[in-house]
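The next block holds one structure in the form of structure tokens; read it before the comments.
Bear in mind these aren't lab numbers, they're just calculated from the coordinates by the rules spelled out. Because the structure is a prediction, the values reported are computed rather than measured. Ideal geometry is used to build each Cβ from the backbone, glycine not excepted, and the neighbour counts take in all protein chains shown.
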Amino acid sequence: MSTSKKRIVILGAGYAGMFLATHIARYVTEKAGEVILIDRNPYHQLLQEIHLVAAGFRTADEVKIPILTLIDRMDIKFIQSPVKKIIPDKKLVVLESSEITYDLLIVCLGASIKYFNIKGARENTLPLRSISDASLICGKRKW
Ligand SMILES: Cc1cc2nc3c(=O)[nH]c(=O)nc-3n(C[C@H](O)[C@H](O)[C@H](O)COP(=O)(O)OP(=O)(O)OC[C@H]3O[C@@H](n4cnc5c(N)ncnc54)[C@H](O)[C@@H]3O)c2cc1C
């Protein structure tokens, strides 16, 4: 990476990551820098609609939007990979089978389920945080 051209790496193509990537890309010229968006999935999840998948009213595919469609004709490079590790001292992100350096890193990897030490909660509940969670719930429903 040249010292003048900055690499902006955005981890996560959920609501925060997609919004940031598409807005930042409008202001970063090709000469000044590059915007790289990374997500483990090739699609953006419409999380506010996944309860409909859990209830069987929508299919999983109906609440997915391909990330490449959302960034079509924008100056954003998309990499599909899980993020394994961030090494701030080296300004490095470790992906499944590669590594990427950055000048500016924006972490938008979402949240994880918290059970607040409630006894039995983890073992006896199903989370609803992703399309795969919703599909699992749908598969278990008895009605
Ligand atoms: C069922 C449900 C309904 C909701 N309804 C509403 C609503 O009606 N209105 C509202 O305002 N908000 C709603 N929310 C909240 C809203 O979805 C969240 O506030 C929002 O998604 C947070 O955005 P985010 O970008 O921080 O995280 P997310 O949207 O969760 O995005 C995180 C992204 O990071 C990726 N990722 C995570 N870990 C890795 C990794 N290790 N490697 C690579 N990629 C990774 C994921 O694939 C995902 O694309 C709802 C949430 C849920 C779960």
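Amide H of residue 37: which non-local residues (sequence gap of 5 or more, or other chain) have their own amide H closer than 5 Å, using H built in the peptide plane?
So residue 37 has HN proximity to 10, 77, 78, 79.
At most 13 other C-beta atoms within 10 Å and a DSSP loop state: those are the exposed GluC sites (Glu not before Pro) I care about. Give me the longest piece of the chain that has none.
Numbers: sites that count: 30, 96.
Answer from the scan: 31-95.
Evaluated at 20 °C with a viscosity of 1.002 mPa s, what Stokes-Einstein diffusion coefficient in µm²/s does the chain have when Rh comes from the Kirkwood expression over alpha-carbon pairs?
127 µm²/s
Below 8 Å, C-alpha to C-alpha, sequence gap of six or more: please give me the relative contact order for the range 6-140 in percent. Provide the component values of the computation, followed by the final result.
Values: 223 pairs, mean separation 43.6, N = 135.
Normalised by residue count, the contact order of the range 6-140 is 32 percent.
How big is the equivalent ellipsoid of the range 1-42 along its three axes, where each semi-axis is √(5λ) from the Cα gyration tensor, reported in whole Å from largest to smallest?
On the way: eigenvalues 83, 27, 8 Å².
In descending order the semi-axes read 20, 12, 6 Å.
Restrict the search to the range 45-123; then list the trypsin sites (Lys or Arg not before Pro) that DSSP places in a loop and that have at most 11 other Cβ atoms within 10 Å of their Cβ.
Those that pass, being in a loop and sparsely packed, are 73, 114, 119.
When we measure straight from the Cα of residue 77, which lysines land under 24 angstrom away, once same-chain ones fewer than 8 places off are left out?
5, 6, 31, 64, 85, 90, 91
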